[in-house]
Structure formats: C-alpha cells, structure tokens
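What follows draws every value from the coordinates through simple rules; no lab data is involved. As the structure is a computational prediction, the values presented were derived from the model and not from experiment. Using ideal geometry, Cβ is built from the backbone for each residue, glycine included, and neighbour counts are taken over all protein chains shown.
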Amino acid sequence: MANKPKLAFYWAASCGGCEITITELGMRLVDFDEKVDIVFWPCAMDFKYDDVRALDDKEIDVCFFNGAIRNEENEEIAHLLRRKSKVLVAFGACSHLGGIPGLANLSDTESIIQRVYCTTPSLDQTRGTLPQISCKVPEGNICIPEMYDHVKTLAQIEEVDYFMPGCPPVVEQVWSVLQVILAGQLPKVGSTIGADAKTVCDVCPRQKGRSGLRIKEFKRPHEVELDPDTCFLAQGIICCGPATRAGCGLPCISANMPCRGCYGPPEGVVDQGSKLLSAIAALIDTDNPAELQKIMDTIVDPVGTFYRFSLADSILSELKHKRP
Amino acid sequence: MNHNPHAPETFADRVRNIPGGEHLEMCYSCGTCVSKCMIQQKVEPEYNPRRLLRLVMMEMEEEAYESPTTWLCSGCDLCYPACPQEIHISGVIGAVKSLAVEKGYTSPLDTVSVDESLCSGCAICVMVCPYEAPHLIEKIVDGVNDRFSEVDANRCMGCGICVASCPTGAIAREGVSNTDIVRQIPHEVVKTDAPSLMVFICDWSLRADADLEILESYPENVKVIHIPCSGRIDPQLALLSLRSGISGVLVCGCKSGECHYQRGTDVANCKISMLDRMFDQMDLADGRVRFVQIGTQDRGRIRKEIDQMLLHLTSLQEVC
Amino acid sequence: MTENKGKEDLRIGVYVCHCGNNIAGVIDPKEVVKFSEGLPGVVRATDTLYACADSGQRLIKEDIKKYGLNRVVVSACSVRMHEPTFRAAVAEAGLNPFLMEMANIREQCTWAHGHDKEGALDKAKDLTAAAIAKSSFLAPLDMIKVPVTKKAMVIGGGVAGISSALDLADQGIKTILVEKEPTIGGVMAQLNKTFPTMDCSI
Amino acid sequence: MVDAARHPNIEIRAYTEVERVDGFVGNFKVQLREKAKYVLADRCNGCGDCAEACPIEVPNYFEMNLAPRKAAYVPMSQSVPLIYNIDMDACIHCYKCVEACGKLEAIDFAMEDKLVWEDVGAIIMATGYTHFDPSLIPEYGYSRFPNVITAMEMERLNNSAGPTAGNLIRPSDKTNPKRLAFINCVGSRDKRFYPWCSNFCCMYSIKNAVLLKQMYPDCDITIYYMDIRTPSKGYEEFYDRAREMGVHFIQGRPSLVTEDEETHNLYVHAEDVSLGKVIEREYDMVMLNQAAIPQLDQNVMSSLMNISQSPGGWFMEYHPKLRPMDSPTDGVFLAGACQGPKDIPNSVAQGSAAAARAGRILHSDEWEIEPIVAYVWEDRCVSADGKKCGICYNACPYGAIEYEQGQAAKVITAKCHGCGACVAECPHNSITQMHFTDAQILAQIHAVLAKRPEEKIVAFRCHWCSYGGADLAGTSHFEYTANERGLRVMCSARMDTDFIYEAFRLGAGGVLYSGCHPQDCHYITGQIIGATRADRLKKAFDRMEMTPGRFRIEWISAAEGDKYARVLNEMQDVLDEIPKEELLAEIEKLRPTMEKRVRRLRSVPGVEAAYQFSEKLENIIVKEIIG
C-alpha cells in the first residue's frame, strides 16, 4: 500500500476539541483509514517525535496541525512537521488565529504564571509551587519546554498551505475536506478551506436591522429574552457574525446565541476584531461623551469580545510585542 | 396649506406641503445660512441655500431642481439654529429634492456603490447611514434567494460612514475605499529622532483656508490623509499606521453637533474611544491615537493639536 | 333704579354701518337693517356709509328728535374704537349716553370671517339683535365725578421721563421724578454724540 | 438733565423705587422706597472727597464695567443729583470717607431705606429699556473674544467723558484698532431671541461709524446689516453721509466670528448677499449692536400699575394708533422705550405727548369716571336679615364694600372700579352692576342663541383683554369660525355661573370663558376670582359628563389675536367631531340639570322682563328663518 496518502495530525496549544471533531467522523474514519496511512497522531495513537524525525522530508502528504504556538515544543514540532509535510493545514481556530489560548496575549507570561500557580482562588496558596524550566531530580535533569511571552499562530512561524477555521471545524466540513484531499483537488495554496467566502450574516436567516436603528445599551444574551427571528445586533446583542466567515452551519445562531467569531474574518479582511469594532461602534447612538462611556461600559471585555479567537493574529498583538 | 385656497397649487405650495418645507416665505435673505454652511467655500461656488429658497418663492421650478444647492445639502443643520427666522432650511431643501426626484432628476454626486460579490447583507450600512440611503434587497443568485445592500444614489451624500463600517469592505466610492486609503499609509517608516505623525483629517473640520495652510506647512514627518468625514475612520486604519512604524495617529473631526454628515463625528468618537479601551486592556494606552473635535470657531486649533501631539510623541520616544 | 323694567315704551333706532367696504364688502348692511326692523321696540333702522363720520352722527342726532328715539344701537366697529364718539353724539341730541349700545360687526365679524360671507351675515344679525336686546334693558346713568390731586409722578428718569417731567413742570404741575439709579439720565447719559445731528447727549 | 434739576416744579427722587400703587385716576397713592444712600442729601455738596479717600474699587456699571469706581461714588461726574452714594455691598467700613467728609458730616452709616407715600393725580411710566446680552449668541464670541464689544461699550470707549477720554483702544492690547466691523441686529429681528426691530440700531451704528471716521479718518469701518432702516427726517441723509465718508456697508448677517488666538484679531464670516458669495474678513475689533429689550423688572412694574404687556413684554398702549400714550389704566400714561424701542427724538416726543395727556386730567378740578359700579338691592341682601355672609366683601379687590352682619352690604361708589366680582359672587343675586345687569346680559344670551343654538359658541370676554384679543384677531384678519357669538363684560370676575348654565340650557354648542392672564388683570385680582369660578364650573360639567371641550377656559390678552382665533377654531373642531344627533341628545340630557341651576334667576329684578322680551324676540327671529 505504498501509494496510500500519508496523513499526520498534531495538537499544539489546544483544548483537544479539534481532535474530537476527527473522532466524531466515527465509522467514516474507519473506512477512511483504509484509503490513507496515518503516520502521526499523538492524541489517538502512540507515536514518538522520533518517528516523525525518521521520515523523509515531504514524506507526509498532508499534516493537520491544530493548536496555537505557545512554547518551544509547539514551535519545534511545527518546524519539523513543515519539513516532513507536502501540505501543512492550520486546522481549527487556534492554529489559524491563535484561538482562545491567544487571549493570553492580553497579559504577560509572568502574570499568567502568578495567576495559575499562586492566586487562583481554588488553589492552596501556601504551597507556592512554580514550574521550573529545568529541575534536578535523583534521576537527572528534567526539562519542560519554555513558555513564550506571547501566543503565536502557526502561520506566524511557518509557511502554511491551507487554513481550516473553526472552534472546532465542523465535522461535515472536515469530511468534505478529506474527500477533496483524496481526490487531489486542493485549491490554490494559501486558501481557506472547509468554509464559505462570505460572512455568517450571508446565511443567517434572521430579520436584519433597519434604517436608523441605533444602540443605546449593549446587552448580554442572559439579560434579555431574545427574539429568535431578529438580528442580534438589532436587539442590542453583540454578534460577531458580520465579520466572521460562514461555514459553521450556524449552530450558535440556531441555538439563539450570537456568533462568537470562531471562523475568523471573511475573505479579504485582515484584522477581524477592529473590523467588527468599526461596524458595531458605528451603531452607537450618542453625542455625549459621558453617555458614551456608560454605553461602552456595557461591553464588558471589548478585546475578548471582538478578538475572541483572533487576538494572536491581530495587529494589536503585533503592536504589543513590537514594543521594546 | 395653500396660501390662497382659491388659486391652483403652485410650486411653492407643493414645497410647503412637504413636511420640512413649511415657513419658506419667512426668509428675509440675511445670508446667515450661506455663510454658516461650508459647501460654497469648499465644494461648489454656486451653492446658496438662500437663493434656492428664493427660486422656490419665485416659482422657478426647473432652476430649483437643477441648482447644486438642491443636491449638495447634507442636512448638517449648522444653519438651522443660526437662522434668525427659525426656518428649517435643510427641510426646505429636502422638500425641493424630493420633488426633483419625483420629476426624474438625479443626484450629480459621486455616491457609494455595493460590490455584491463581497456583500453579505448584514445591514450594518443600513443602520449606520445618516441618510437612509442603503437598504436591503433580495435577489435570486444561482437559484438561491440572497440579500444584498443597495444604495439610493439620490440619498447618499458620500460621507463614507458605511464604507468604514462595512465588515467585508463591500461598499465604497472612488477615493474613499479601503484600498484607496490604505494605499496612502506607508508600508514601513524608517525610525528617526523626530516622531512621525499620521493625521486623518476631515476636511470640513478646518473651516478657514488658513487652517488648511497650517496643516500643509508641517514637514515630512507629519503625514496627512484626507477623509470625507471623520466618520470614515476605521480603527484598522489607525492600527495599520502604527504597525507601519508611525509613532502616533491624530484623527480630526468636527465638533459634535456640527458634523457635516450629522453623526460622522460622533461615530468616529465612538470608534476611537472603543479602540482606546482596547489599548487600555492590552496595556498599550499611551495616547498614541487621539481623536479631536474641532469647532467652527476653533481657528488655529489644528496647529495646537498637532504640536501637542508631536510633543507627546517625543516624550514617549525619550522614555523608550 | 338700575334699569328699565320694560314699562317704558321702547323706541329703538338701529344704525348699521358700511364702514366703506370694511363691512359692506363682506355682508350687505341692508340685510341687517331689514332683519332689525322686525325686532321688538325698533322704530327706525337704517344703514349708513360711515356712522362715525359727521354725516352719520348727524343722522343719528336728527333721528333721535324726528322719531323720538329713546335707545340707539350702532352696529359698526369695536367699542374700544368709537363708543365715546357715539355716546357723545346721542348726548348732544339730549339722550343719556348710556342708552347707546354698540354691536361690533367689523373687528369681530366681517374682518374675522372675510371668507365666510354667509356666516358673517348671520353673525352680524345676531350681534345686532343682542345689542337691541341689551339696549331694551339699559337705564340712564350719570358719570361719577372724582376730585383730582394736582400733582404728577414720572417713573423713570431717562430721556422720555425727563422730557415728560419738564413739560408737566412747565405747565405749572408739581412733578415727582422717580429714578432707581443714583442719577437721572438713563441710557442717554451713557451715549456719546447722538444722531443725526451729532449733539452731545447730556 | 440739569434743566430738570433746576426746575422749581420738579422734585427728583433718585435712587428710589416704586413699591406699591393704590387708588385711581386723579387720586393715586404711590408708595416709594427711598433706598439708603448713606449720605445725607441736604449736607452732601458733591465735592468727592469721600470717593478720593475710599480705598475700594469696583467696576462701574455706568461705564459698562470698563472702568472702576469707588465704593463711595457717583456714577459719573455730571450726575444729577450730584449726591454721593456708599455702595454697602462693596464697603469695608474703614470710615475713611467719614474722615474725609470732616465737618460737613454728610455721611451717615445708620441710614436705612425709607418708605414714603405720595398722592398724585396722574402717573407717567418712562421706565425705558435694557440691552440684550450678546454672549447668548455664542457664534459672535462676545465675552470670550476680548475684542468683541457691545455698542454700549463702544459708546463709553469713544466718549471724551469715558474711561479712555475718547481714545478708542481695543481691550486685548490697548492699541488703536484700524479695521472695525459693526454687526447689526444682534438679538433683534431674530426669532431665537427677540423678533422685533430695535428701531434705532441702524442709525446708531451709522452714528458710531461717522464719529470714528471723523476721529480716525484712516480707519476702515464695515457695517454688516440685513436692512438699513432710516425712516425719519434727516436719517437717510445721514446714512448717505456715512457712505460718502467711506464707511463700508455689507448686506449680510454674519454667521460666525472667529479669533486668531495670538493676535486676537477677529474674522467675520458672512455672505455678501449682493454678491451671493461667502466672505471672511479680518478685523481688529468687532462691535455688536444689541437688541433693545424690556427692562428685567418690566413684569413687576406691569403688575404694580395694572398695565398689560405686549407679547414681547413692552407695556401695552390703550390703542396702537389712536391712544399710543395711554395705558389701559385711566390716569397712567406711557412715555419712551418702555412701550417699545424708540430713539431719542421719539422718546422726547412721546414724553411731551404723555405730559400733555396727563395735563388734561391734572388741569381739571374733577374728572369723570364711568358709572359702571356695583349696586346692592338692600331688600335682597341676606345680611340685612341678620344672616352671616360677607362673600361680596371678600370678593372685592378694592375694599369698596362695607359689610356688617345685620345690615345690608354697602358699595362705596368712589372706591368701586366696576369689575363685577361681587355681583357674580353674590349667592343670592342681591347685587347688580350698572350697565351690565343680569337682565341685560341674559337678554343678549337669548338673542344670540335664538336659532340653531347647538351650532353656536358663546364667548364671554372681559373688556380689557380678551375683547381686545378678539378685536386684534379681526384687525389682523386671523379668520375663525363665524359661529362664535361674543359677549362682553368688564372682567372675567363678572362672568356669573348663571350665564354659563343659561347658555347651555338654551342649547349652546360651546361656551368660552375668557379673560386676561392673571398678572394682567385690570382689576387686580378679578381674574383670579373668575378663574376659580371657571374651574368650579369645569368640574361640574365634567361630572355631568359633558363632552370635553364644549366648555373651555382660556386667558387671552389683548395682544393675542392669533390665540383668540386658534381657540375658537379648536372649539369648532370639537363641535364638528360630535355627530349632530349626539350633540342634540347631550343638550337635551343636560337641559333639566341646567334648568335647575338657573331657576332662582327669575326672581332677580328685571330678569322676568328679560325672559318675556326674549321670547318675543326669539319668535320673530325663528319666524324669519322659516319665512
């Protein structure tokens, strides 16, 4: 079976949700396994990095890489897989845009470690145990990979051939992408696959806002009874749909929850959060600075709201980390 | 009501009968509206609301429809609170315009249009427009019913608030599109001792020619991008400028209530204030991006603002 | 007694004024005359071009004598305009001035209902009838005479007040000139020269 | 000024205010408050030593606050009377002035305000006007830009007796301005502030332009105007002279004045209407010609004197053309700008004219007043039977009724002004009013409701205000429904509930109850009595479930012709909205109630006769319609 395509799956800084999506293919995965060779999938099968290192360069046909780049190890393996793979796919929001781990860019490494190991309320704070990069034990020196001072996307450290958005990418999209790969019909390098070109609003069936509809107060979904047929923005709820690529099948919208933006910006948009900000801020109806502050107070966490999945990929992050 | 119930309805009667068109005959030609407005000075020498009112009173219907005044008034209402006769001048002009549109006249203005290949019908433009120019239409594309925004060219005043707010960059007019403006932001700025500043200037915010001269008098390190209204500012433009290495961004708009496009300056204020909050969250808030609202009486303020900004940026550089 | 209790025989004269075109341009005064002629107590009713003019007043005075009128109703303009005129006229003819009553068919009728000629005529008739009705119950009255304090007060010491005070004083009337500021002169004293002849203001 | 001071028949009471006015024509009693000057008028010789010694300086209002004065002061050196004042708000009680005054001993710190009564036969109101505060028009920058000044400030700055001895300087840098702009109609002819033309400002700015041109021939003066109004003798010629002297005139009302922060030079933005072009010109100084507006205490004076005010607040004359010097109150006359903005020649003329009008009264030994007074039928008065009442006594605004239980109430004719409040208030119909008896008024009500009463709106109006308002509606040709049937009484206080009930009993479609505004009442508190009664009536009709709007209460001044027309038209709209059958049914339903309320009227002297007369009249009128 030498001509079966070789596939690899890897998870960097991620929650594992993307992996679950693969397993959700269920029986289809078993059939699929007959058509391909999975040469690396640390989450599901026992592989060692050395197994990958042993492969020839470009021996892997397609590598699905999920998770953001958080530490040395993530980066090292990313470079490794790039070398060994013909096609590298940034799979899922984290490797595509930084995802939820990317929100760590709001803080610096030190305060994150402080928070996690020292000040979290559920912690026994008397212990004060902190992870060390290197630790001497009787058996010798144990090292853990060093955490970077900020989270990066895969594309920020390696050349990526395709982006497959989603947190996680929806199963059907994954299946159809796999079909495309098998058929050898991959589009132009650099494209986003497994998603639409336009935004969520394009497919959202809700009644859209009308002329002159403006916002005096932002509300959160739990604060109001939401009309299932009306645009969330028209109801004063921040919805990321206008600046988020469609393709997810609208699970949130159908559950009467606003879009959270996991599919990232649509074709042609560089910075999802600032585009969204530009759209939503223009809906605010006030000419009074004090009132504006009050209205803005109703957006509890602007960065987390507008850049929920794309902070690591944003110009904001870039500016922050260019700072001396 | 017609002035004389027994006479046939005149052009002036028809204007009066449209809400906003009343009180037309109260005008005693003092010219306050003309000099309060900046259109004659900045755009069209033939623009003159006082004369348009006169044309209506003198039953010169065709001339009224063809007058640039009918089409150029953006309803900013700077003139309305200044009018000693309390005539809602933009209301009268609006009434004439609606009659002109009924007669088949069309706006000579350069207005925005929608690229349907990008538009996803989110209706953000519909909601943000001060003039109710865009609206959603439904259309069958490839057998599927799809929604798009369409712009009523007779209503659009070309402010660009929608352009800045469109999340997909689907709506634009020449010179005001994203690419047209981004093109003016340098790709990379070489760091020098003197800080560099990007000024996004709403041309209406500088009333006097002298102020424009001040703006142009600065050396290379102060770069100026003209936008039709501060409401055209998209926070991304500020971010892109900073990314290119420019030390600071100054966005200038009109005083609230004096915006040529009614709400543009308020929109800009919302955008920059919100960006500021984000900077704050990211621990980046150091006053590199500022929005200032310049009033019609703030002669020379542009110099003060730029100098102050440069001073601030210099002090930031020294810290680094 | 305060009024006529209807015992005396009423002899009412009704005069409906044209006021040029001011009244006659909207209604036909002759219609009002015709209507009045039939009302109780009316012994004489006529229209007149200008009731307030000498000729109009002369007509009323002559009629009082000729018809032995003991009430006069003038259907013309506002009492604020010509009540003193007609009171004086009837007094000259020997009738108590308070036996004259006016109906306001100009300010409050033809001028206010210029586009409703029918309504105006109807109203003019009613107002005239009301005046006739009231006149039937009028009683002669005498003016009340009060003494006069021969002293004047001028409130305000500006240019108008000073000029009033000087004129009164020159007529020999003691005048108190009250000014709230420490000096008289008002705005005028603050002015430089005054137009058009450029005199000094003070 | 000096003439007035020297005249043996004139007594100047400066620094004095009017507190109260009682009485009537020929017999006014005026209470004056002589404010404490802390200087004894009979001792002060005007030497000014006290001011020299005084260490305190405050802005001098007389100099438009451009120059200081001391706490011991006279507003100007030519003050009349030349008696110093001590401004207690500023005084620090150092008593240096007392020292300086020395042996004269003219200063008395113990002095207090003094209230004195004066008897006078006639009063002339000449309270003048005040100036509009141009800082209310922010676009002209007054009070923010130092070189924007008012016309009054200009008067002091170019006055040889002023703070700069006539040397015109601009406030920012004390240099002589070379380029000046005058802006006319600041606050006047401006519906946002004052709609009227202030009358003299055109001439006033031309005067200042000519003056400055004479003083500084090389200075450049532009007058921005909307219209130049020169309608008096010599005025247009004066305007010509200004043009010949090179004063520039630009027709166009400036919309904006901006300032260069460094030079404090000003830029005036205006459309040159003749060119149709917007121009922006640079000036060293801008002068604003403020509107003339009523005195700030005009309301107070108006209620003290019982003079109503025009919509703008000026004192209302009896008749704008025929009696422009007379106020509506007999014996009170108007002179000068308190009646409307006026220039000096017109003020002088009106001052003299008012003096002549007042002279008519003051030269007579006695003056005739109308006998329209109240009269008590002693046999009907319940007090004569020993019952406790006194309602008439309490209603009278003038204290003209003597009341003692056990005796019939008595009207003091000389004190009675004839408002009719007691007549309408008397619950037993024991009082009547000459010339406005119940019988007379009832006869009128019957006459106007003889035919198709349901279409008619009976309007009761007081003589002084609402009747005047109705006149003005006609004079202005404000058209209103011809179904109105107006009846006149002297005051809303005379509008008896019986009249209203009777009108509705006869089937009137609507009734208007209208008088003056509370502060304008010609009879002090007559309107309040009328208003209280009207409110009671309104409640009664509401209880009867009468269609709202058929009975209406409105206070309409003699200046509110438009309001009179509007109210009547609105009442007509109410009637038009009720289907005719429904209206007739409502009238029928309420008739017995009304009937009950007017039953006792028949016992009033003359009323029975009036009913009989009316029946005859009605028959004839109804026959006329059928015929």
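Just a few scattered comments:
- Long pairs among C:K193/D:K174; A:K208/B:K103; D:K539/D:K580, criterion Cα-Cα beyond 28 Å: A:K208/B:K103
- Between A:E217 and D:D562, the distance separating the two model label sites (each 7 Å from Cα on the Cα→Cβ line) works out to 4.0 nm.
- Within the protein assembly as shown, DSSP assigns beta bridges of which about 40% are antiparallel (rounded to the nearest 5).
- Lys/Arg +1, Asp/Glu -1 at C-beta; the stretch D:497-627 dipole; positive extreme among D:G507, D:I528, D:L575: D:I528
- Scanning residues 5 or more positions from B:V224 or on other chains, those with amide H under 5 Å from its amide H are B:V199, with H placed 1.01 Å from N in the peptide plane.
- ³J(HN,Hα), Karplus 6.51/-1.76/1.60, whole Hz, each residue of the stretch C:62-75, x for Gly, Pro: 5, 5, 4, 6, 5, 9, x, 5, 10, 9, 10, 10, 10, 9
- Proximal charge balance of D:G474 [Cβ under 10 Å; K/R count +1, D/E count -1]: -2
- Within chain D, longest stretch free of exposed GluC sites (Glu not before Pro) [DSSP loop, at most 11 other beta carbons within 10 Å]: D:113-261
- Karplus (6.51, -1.76, 1.60) ³J(HN,Hα), θ = phi - 60°, over the stretch D:59-69, in Hz, Gly and Pro reported as x: x, 8, 4, 4, 8, 6, 6, 8, 9, x, 10
- Expected 222 nm ellipticity per residue - DSSP helices of 4 or more, -39500 (n - 2.57), all of chain D, to 500: -9000 deg cm²/dmol
- Residues A:F91, D:F478, A:F64, D:F200 in ascending order of nearby Cβ atoms (within 10 Å, fewest first): D:F478, D:F200, A:F64, A:F91.
- Within chain A, percent of DSSP bridges classed antiparallel, to nearest 5: 30
- Fully extended contour minus Cα-Cα distance, from B:E116 to B:T10, at 0.36 nm per residue: 33.9 nm
- Evaluated with a Cβ-only charge set (Lys, Arg +1; Asp, Glu -1), the stretch D:309-458 carries a dipole of roughly 400 debye about its Cα centre, given to the nearest 20.
- Shape category assigned to the stretch A:204-273 from the gyration tensor of Cα positions, a/c cut at 1.5: prolate
- Reach of D:K623 by Cα under 19 Å, taken over aspartates and glutamates that are not fewer than 8 positions away in the same chain: C:E31, C:E37, C:E118, C:D122, C:D126, D:E454, D:E455, D:E615
- Rounded Å value of the spacing that divides the Cα centres of the stretch B:166-226 and the stretch D:474-535: 70
- Kirkwood radius for the stretch D:2-126, taken over all pairs of different Cα atoms as the inverse mean of 1/r, rounds to 16.1 Å.
- Amide H within-cut-off set for B:S196, under 5 Å, with H built and near neighbours excluded: B:S247, B:G248
- Candidate aspartates and glutamates - alpha carbon under 15 Å from D:K596, same-chain residues fewer than 8 apart omitted: D:D498, D:E502, D:E588
- Helix-only mean residue ellipticity at 222 nm for chain A, each DSSP H run of n ≥ 4 adding -39500 (n - 2.57), per residue, nearest 500: -8000 deg cm²/dmol
- 0 to 90° range, to nearest 10: angle between helix D:235-244 axis and chain D longest Cα axis: 30
- Here A:M27, D:M76, B:M198 are placed in order of increasing Cβ neighbour count within 10 Å, fewest first, which gives A:M27, D:M76, B:M198.
- 25 Å Cα-Cα threshold exceeded, pairs from C:K134/D:K29; D:K563/D:K589; D:K387/D:K538; C:K61/C:K134; C:K174/D:K321: C:K134/D:K29; D:K563/D:K589; D:K387/D:K538; C:K174/D:K321
- Rounded to the nearest 10 degrees, the angle from helix D:201-215 to the longest Cα principal axis of chain D is 10 degrees.
- Cα-based reach from D:K35 at 19 Å (exclusive), listing aspartates and glutamates while leaving out same-chain residues under 8 positions away: C:E179, C:E181, D:E11, D:E17, D:E19, D:D87, D:D89, D:D108, D:E112, D:D113, D:E118, D:D297
- Charge tally around D:C101: other residues with Cβ under 9 Å, Lys/Arg +1 each, Asp/Glu -1 each, net -1.
- Amide H contacts of C:K145 (H built 1.01 Å from N, under 5 Å, at least 5 apart or other chain): D:I369
- Under the combined filter of DSSP loop state and at most 12 neighbouring Cβ atoms within 10 Å, the stretch D:306-363 retains these trypsin sites (Lys or Arg not before Pro): D:K321.
- Loop-located trypsin sites (Lys or Arg not before Pro) in the stretch B:183-230 whose Cβ has at most 13 other Cβ within 10 Å (DSSP): B:R183, B:K191
- Its alpha carbons give chain B an Rg and a Dmax of 22.2, 81 Å.
- In this rough spin-label picture, where each label sits 7 Å from Cα along the Cβ direction, the A:E72-A:V224 distance is 5.1 nm.
- Environment charge of C:A89, counting only residues whose C-beta is closer than 9 Å and scoring Lys/Arg +1, Asp/Glu -1: +2
- In the stretch B:17-99, the chymotrypsin sites (Phe, Trp or Tyr not before Pro) that fall in loop regions by DSSP, at most 14 other Cβ within 10 Å: B:Y28
- Remark: spin-label model distance B:I140-D:S603 equals 9.2 nm, labels positioned 7 Å along the Cα→Cβ axis.
- Coupling constants for the stretch D:266-283 follow from the phi torsions by the Karplus curve (6.51 cos²θ - 1.76 cosθ + 1.60, θ = phi - 60°), and in residue order they are 10, 10, 9, 9, 7, 8, 7, 4, 5, 8, x, 10, 7, 10, 10, 10, 9, 9 Hz; glycine and proline get x.
- Its Cα centre serving as origin, the stretch D:2-126 has a Cβ charge dipole (Lys and Arg +1, Asp and Glu -1) of approximately 100 debye.
- Sites A:S122 and D:S143, calculated FRET efficiency, Cβ-Cβ separation with R0 60 Å, nearest 0.05: 0.40
- Relative contact order of chain D, defined on C-alpha pairs under 8 angstrom at six or more residues apart (%): 10
- Cα convex hull of chain A - mean projected area over all directions, nm²: 21.3
- DSSP bridge pairs, chain D: antiparallel proportion in percent, nearest 5: 55
- Too-long pairs where the Cα-Cα distance tops 18 Å, listed order kept, from A:K4/A:K86; A:K198/A:K320; D:K191/D:K342; D:K70/D:K96: A:K198/A:K320; D:K191/D:K342
- Hydrodynamic radius (Kirkwood) for the protein assembly as shown, which is based on Cα pairs only, to one decimal in Å: 39.9
- Per-residue Cβ neighbour counts within 10 Å put A:T244, D:T130 in the sequence D:T130, A:T244, beginning with the fewest.
- 19 Å cut-off, amide nitrogen to a point 7 angstrom out along D:E99 Cα→Cβ, residues in the stretch D:48-69: D:48-57
- Sites D:K451 and D:Y611 - FRET efficiency at Förster radius 25 Å, r taken between beta-carbons, to 0.05: 0.90
- Given R0 = 51 Å, the distance between the Cβ atoms of B:Y80 and A:L182 translates into a calculated FRET efficiency of 0.15.
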